[in-house]
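Below is one structure, written out as structure tokens; the observations come after it.
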Amino acid sequence: VALASSTSRGFSASRKDRDEAKNIINQLSKLSPTEEPAAAYYSTSSDAQAVSEDVVPSLAGKWTLIYTDAPDITSLDAPLSIQKLGRIGQECNPPLIKNVIEWKRPTWASALPFSGDEESRILQKVVTEGSSTPTDNPTVDLKLVGLEISGSNGSTEETNSGLMKLLNGPAAFFEQNPINLQGPLKGPFGKFDILYLDDEMRITKTYQGFYAVNVRQEKGNEWF
């Protein structure tokens, strides 16, 4: 956790930092207390019911990213981006897994009109469907099923005009006009292995070999 904090979730990690993180992850993976971490995503109900969530920690729930070395994530924090990267998380509600990214108003845009306020944010959710079996455990296969975009303006003022919603910034627009794109077609979206899972933390490794460390959100303090 200290390494994750000092490297800004891995975004500023050096090669030495990443090697140290891999070493820690390898050690923790040998100590995982959960024998069937993918059980929440077993494809058949009989397989899922065979493993009681009262006995073992479950992948299901809301998680917040604290470390990753995945370049598709670490490249998101561009200094001159039109949106400022906020928190990153994952919502696991079997069979769905939603990859959540919080976008906020960038600091350089604070003086610009129609950009929203400091509390404005947009939530981008890439929606996938996960599946596993006792044989494939601890691997979870993913299929892309859709995209969700919503906003929160942070302002208590109500605006009924469509033009005013636009002028209050993109977060206000998506708050009033959320996007939910899901169709009948599903496409392959990779897979990941669950290396470590307990009640508070989980570590995964993608099929490309990149790591992600997430902590479970406390009930009542969820940010999405």
Q: Name every residue in region 47-84 that is farther than 17 Å from Tyr211 by Cα, modelled with pLDDT under 95 and hydrophobic (A, V, I, L, M, F, W, C), in order of residue number.
A: Ala48, Ala50, Val51, Val55, Val56, Ala78, Leu80, Ile82
Q: Name every residue in region 12-28 that is open to solvent by 50 Å² or more (accessible area, probe 1.4 Å) and among the β-branched types (Val, Ile, Thr), in order of residue number.
A: Ile24
**Q.** Leading residue by the ranking (farthest from Ala38 (Cα to Cα)) among those in region 128-149 that are open to solvent by 40 Å² or more (accessible area, probe 1.4 Å) and within 15 Å of the chain's Cα centre (by Cα)
**A.** Leu147
Q | For Leu31: the one exception among (1) part of a loop (DSSP other than H, G, I, E, B); (2) among the hydrophobic types (A, V, I, L, M, F, W, C); (3) surrounded by 17 or more Cβ atoms within 10 Å (Cβ to Cβ); (4) modelled with pLDDT of 95 or more | A | (3)
Q) For region 194-224, what are the residues that are without any contact (Cβ under 8 Å) to a residue 24 or more places away in the chain, of a type in the set (Asp, Glu) and over 15 Å from Pro37 (Cβ atoms)? A) Glu218
Q: Look through Leu59, Leu76, Leu65 and report the one residue that is open to solvent by less than 20 Å² (accessible area, probe 1.4 Å) and either aromatic (Phe, Trp, Tyr) or part of a loop (DSSP other than H, G, I, E, B) (or both).
A: Leu59
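The values are calculated or read from the model by the stated rules, or taken from the named source; none is laboratory data. Quick caveat: nothing in here was measured; it's all calculated off a predicted structure. Neighbour counts are summed over all protein chains in view; Cβ atoms, including those assigned to glycine, are modelled from backbone coordinates with ideal geometry. Heads up: the accessible areas ignore ligands, DNA and RNA and are worked out on the full protein's heavy atoms, side chains in. Shrake-Rupley method; radii C 1.70, N 1.55, O 1.52, S 1.80 Å.
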